[in-house]
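Following: one structure in structure tokens, then a few remarks.
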Amino acid sequence: MTIVQGSRGGFAALDTCVHCGFCLQSCPTFLATGDEADSPRGRIELMRALERGELAPSDPYVQTHLDRCLGCRGCEPVCPSGVGYGHGLEEARALLAQTRRLPWTARFALALFTTPGLNRVVYAFARLFRATGIPRMLAGWGRMGFAMGMLASTAPDRRTGGRPVGKAVRPRSASPAVRPSVLLFRGCIMDGLFGHVHDATIRTLEVNGYEVREVPGQVCCGALHVHAGLRDPAAVLARRNAEAFGDGDTPIVVNSAGCGAMLKEQFGARVRDVTELLAERGPVPGAPVDTRVAYDPPCHLLHAQRIADPPLALFRAIPVLQLASTPDAAQCCGSAGIFSLLQPGMSRAVLAPKIASLREAAPAIVATGNPGCLMQLGAGLRAAGLAASARHPVEVLDDSYRAAGFYA
Ligand code: SF4
Ligand code: SF4
């Protein structure tokens, strides 16, 4: 599942770095601290020294600066030498994980959110608690307040979500002779807390002529484990998903950028982001939605999967909708899996300029296609007292299709 390049693993992907420094200004942690060791170039030097044995994985300096990396891969597209930073980081983190235990908070969170069976109970309690409205009331900037804001941000938008909606009725213009089948990847957090996004995914794909099929036996993609350096449990999950999805060629549709990037390592081009599939069909235009949307691309969609235009095609299919642009949209929001839990100070420092830009742009919706980003941006918007809500792009298209009368 992990790209292995000879016996050196992911470290080989760092070889082409020529220290030019073009990546520095695209690194959110370097912009936050100004410390070379918090930049891609500085971390590459640390990783090279780790590989050569000149620095030990137990060295606190190495651990501090590699732990502070978001793994956002914002440094990759701007690198003229094609350095595969993400693969080097994965290798380095696996090395670090051999010499220390993850903090108990990280192990606890991973177990609760991703263990099949256990996570169903956890998510059921979380949804019940969310429904009380208490998380929304307690949302704020403090550690507990931010966690509450994150949970509150997983709720369906009250203006349209949460209401039962029928199956999609395809408009005549979109009825192809053959309806290609796609297999829905449900994931862990997406399935537990963002069921309304899965519903919108299914409906919008059906309007665009796809037949969406469920796949029993699938589990978490393991991305959170790999980012934490835990390759063995990730490999166990990958084997289970390989059994569940089989080795056919039916596309696997994913609506979480982090899961999509991870699954592409395992299943290759068979994995498609929902926005890619929709954009291939136009998508079918919906009814006007008079709202202002700021699109904030998830790092694992824009940088890791290099998917830039398809989400914008969804907004172009909605008449009247206005797109607001923000100068730092392409930079990480500071979520990065469980990073916001492990490095709350850095996570908020990275989020702060983005929230300031959004305050200026004044959208009604901040759209992003990843659960961690939806929670991080949603919590930040609430804590900052902004009225905008964080929503997945397919939810916005779904609103437009509902207004167009496409659903029974
Ligand atoms: S990673 Fe790329 S952009 Fe950054 S210093 Fe190395 S060669 Fe230059
Ligand atoms: S992955 Fe993100 S945080 Fe880490 S070095 Fe690259 S740009 Fe900086």
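The values are calculated or read from the model by the stated rules, or taken from the named source; none is laboratory data. The shown structure was predicted, so the numbers you read here are calculated from the model rather than taken from an experiment. Every residue, glycine among them, receives a Cβ derived from its backbone with ideal geometry; neighbour counts consider all protein chains shown. Accessible surface is based on the protein model in full, side chains and every heavy atom, while ligands, DNA and RNA are left aside. Shrake-Rupley method; radii C 1.70, N 1.55, O 1.52, S 1.80 Å.
Amide H to amide H, with H built 1.01 Å from N, Ala367 comes under 5 Å of Ala294, Tyr295, Asp296, Arg391, counting only residues 5 or more places away or on other chains. Taking every C-alpha pair closer than 8 Å and separated by at least 6 residues, the mean separation divided by the residue count of region 307-374 gives a relative contact order of 31 percent.
In the chain, the longest principal axis of the Cα atoms and the axis of helix 231-245 are about 30 degrees apart.
The mean sequence distance of close C-alpha pairs (under 8 Å, at least 6 residues apart), as a share of the length of the chain, puts its relative contact order at 18 percent.
In the full protein context, region 255-408 carries 32 Å² of accessible surface per residue, based on a 1.4 Å probe and ignoring ligands, DNA and RNA.
Rounded to the nearest whole Hz, the Karplus-based 3J(HN,Hα) values (6.51 cos²θ - 1.76 cosθ + 1.60, θ = phi - 60°) of region 324-338 follow the sequence 9, 10, 10, x, 10, 4, 6, 8, 4, 8, x, 7, 6, x, 8, with x at glycine and proline. Ligands, DNA and RNA left out, the accessible area of the chain computed with a 1.4 Å probe is 57% carbon and sulfur. How many angstrom separate the Cα center of region 177-255 from the Cα center of region 340-398? When both Cα centres are located, 24 Å separates them.
May I ask for the angle, rounded to the nearest 10°, between helix 85-99 and the longest principal axis of the chain, with both axes built from Cα atoms and the value confined to 0 to 90°? Once rounded, one gets 60 degrees.
Each of Ala228, Thr275, Ser58 was scored by the projection of its Cα onto the charge dipole of the chain, and the greatest displacement toward the positive side belongs to Thr275; charges sit on the C-beta of Lys, Arg, Asp and Glu.
Taken about its Cα centre, the chain carries a charge dipole of roughly 1100 debye when the Cβ of each Lys and Arg holds +1 and the Cβ of each Asp and Glu holds -1. Helical runs (DSSP H, four residues minimum) scored at -39500 (n - 2.57) apiece and divided by the length of the chain put the mean residue ellipticity at 222 nm at -14000 deg cm²/dmol.
To the nearest ten degrees, helix 40-52 and the longest principal axis of the Cα atoms of the chain are 50 degrees apart.
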